[in-house]
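Worksheet: one structure, shown below.
The values are calculated or read from the model by the stated rules, or taken from the named source; none is laboratory data. A quick note: this is a predicted structure, and the numbers were derived from the prediction, not measured. We place every Cβ from the backbone using ideal geometry, glycine too, and count neighbours over all the protein chains shown. With ligands, DNA and RNA removed, areas are computed over all heavy atoms of the protein, side chains included. Shrake-Rupley method; radii C 1.70, N 1.55, O 1.52, S 1.80 Å.
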Amino acid sequence: MNNFFVEQIEKSKKAIKYWWLLLLLGIAIFITGITVFAYPAESYISMAVVFGLLMLFSGIFQVILAGSNKNYITGRGWMLAGGIIEILLGLILTFNVALSAATLPIFLGFWLLFRSFSLIGLGSDMSSVGIRGAGWTIATGILLLICSIIVLAQPFIFGMQMVVIWVGISFLMAGISTSAFAIQLRSVHKHFEKLQ
């Protein structure tokens with residue numbers, strides 16, 4: 001039993017070593033949110049393409065992070081599944097611009113929905129092992145879930161301006177929540193380094 005516990009701690013040390021990938025992803029998503037508000041009159045098609053690329057890169061980062069994370073406790077399954085889904089959706093949106101522009105609000109809503117479930121699942125995993133700040137991860141996941149439901153409930157009625165506003169708000173929230181989770185992993189990483 002003692003060997004199992006030691007093995008799990010060693011796996012956790014390796015898993016959280018790449019916390020900075022999530023931080024980079026969170027910063028990229030947050031900057032995208034700021035850009036949406038800074039240039040609201042930009043072409044709707046270009047926003048759809050940027051969204052597809054962001055989703056593609058987000059999925060790639062999550063798959064890399066999940067691949068380096070062999071420990072179930074830190075949410076490897078959630079990260080891997082979310083990353084694969086984001087890569088597939090990102091490829092579809094990036095290479096089919098007409099479809100991307102026509103369905104942007106729907107894809108946005110489902111992407112936010114998957115992100116919110118992922119954050120709630122990760123926060124629950126963190127809570128089960130007593131990592132501080134797990135409640136904030138769950139809370140941001142719930143806020144993201146609310147945003148996704150609003151976007152999915154009325155995807156075309158809001159019109160382009162409301163989609164731009166919700167896209168910006170959603171990116172800001174997703175960026176903050178991803179960065180907050182990365183910072184929590186960083187503190188756990190520092191704790192493990194002190195133990196060595």
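For the condition within 14 Å of LEU185 (Cα to Cα), open to solvent by less than 40 Å² (accessible area, probe 1.4 Å), modelled with pLDDT of 80 or more and not acidic (Asp, Glu), GLY75 does not qualify. Among the residues of the range 141-149, not a single one is outside any helix (DSSP H, G or I), under 18 Å from the mean Cα position of the chain (by Cα) and under 25 Å from ILE64 (Cα atoms). Exactly one residue out of LEU172, LEU152, LEU122, LEU143 is open to solvent by less than 20 Å² (accessible area, probe 1.4 Å) and either of a type outside the set (Gly, Ala, Ser) or at pLDDT below 80 (or both), and it is LEU122. Of all residues in the range 97-110, one or more are in a helix (DSSP H, G or I), buried (at least 19 other Cβ atoms within 10 Å of the Cβ) and among the polar types (S, T, N, Q).
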